[in-house]
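A short worksheet on the structure shown next.
Read-outs throughout are calculated quantities, based only on the coordinates presented, and are distinct from any laboratory measurement. Just so it is clear, the model here is predicted, and its values are computed rather than measured. Heads up, the Cβs are rebuilt from the backbone with ideal geometry, glycines too, and the neighbour counts pull from every protein chain shown.
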Amino acid sequence: MAPIIELSHKELKKLEAQSYTRRHDLEDWIYVPSLGLDVAKKVTDDFTDFFSCQNELHPQCKKMLSLLEFVKFKNYIESNHLEKDIRLGYEWIDASFKMINDEWNIFYHTFDLNGNICEKSEKLEKSTLLSREKDAYYGSIISMEDWLKNPTKQGLPKKSVKFFKHTENNSSAMIYKAPQGGDYDTIHNQELFDIAILDCLGSGRPHLMIGNNNPSSGVYNRIGARIVKQHNSDSSDSK
């Protein structure tokens, strides 16, 4: 571990933010070995919308969890019995979707070898569970456990995921709403992206919702983000 040096606030202001880590900040992160990244223990909710969140985080070399990163993060905290220390919230996931040439595409971000954040765009895998006609409005009731054990390479539920009936009571049941599309921004004359939102705060079943990013809905003001950054080897939480 690097030495701990005490500095006054005045001295600290002279340093570049990237050159030091505040001691109390080390307690706010957990290292996830399968990701090789530090993940925030708490959701930050002081962003106005999905895209402004990215615009604020990326210059700091930080980002939101992508879908596959969330899957690995959730599996890690469960296998290490950390659910009481790290609670899931109402949070954006770094995944946006758009129909291009009649095929769904997913957009998300990763760190490159130099630590820079880059955007990736891919067609959704053929095995991805999309909306079934009978579930288009309310969403599908699927097994969260099954999804986390066997996601697509992009982190989404597969067509083969276990389904439950809406009336079934199962602790693993969650609601999944696949991308729908069709929403249009008449002011800017463009089709809206669908974005991913995870809701584990409600008293009912957890939700993974993929829907339009229209900020006119007040609900979008209450969503936060779980921040990810490159691993700090000095972190006392590394495991």
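Going by how many other Cβ atoms sit within 10 Å of their own, how do His166, His231 line up, fewest first?
His166, His231
Most exposed first by the Cβ proxy, i.e. fewest other Cβ within 10 Å, how do Trp104, Trp29 rank?
Trp104, Trp29
Classify the range 53-176 from the C-alpha gyration tensor, please: rounded if a/c falls under 1.5, else prolate or oblate depending on whether a/b exceeds b/c.
oblate
Taking 0.36 nm per intervening residue step and subtracting the Cα-Cα distance, what contour gain separates Gln230 from Asn55 on full extension?
So the chain would gain 61.2 nm between Gln230 and Asn55.
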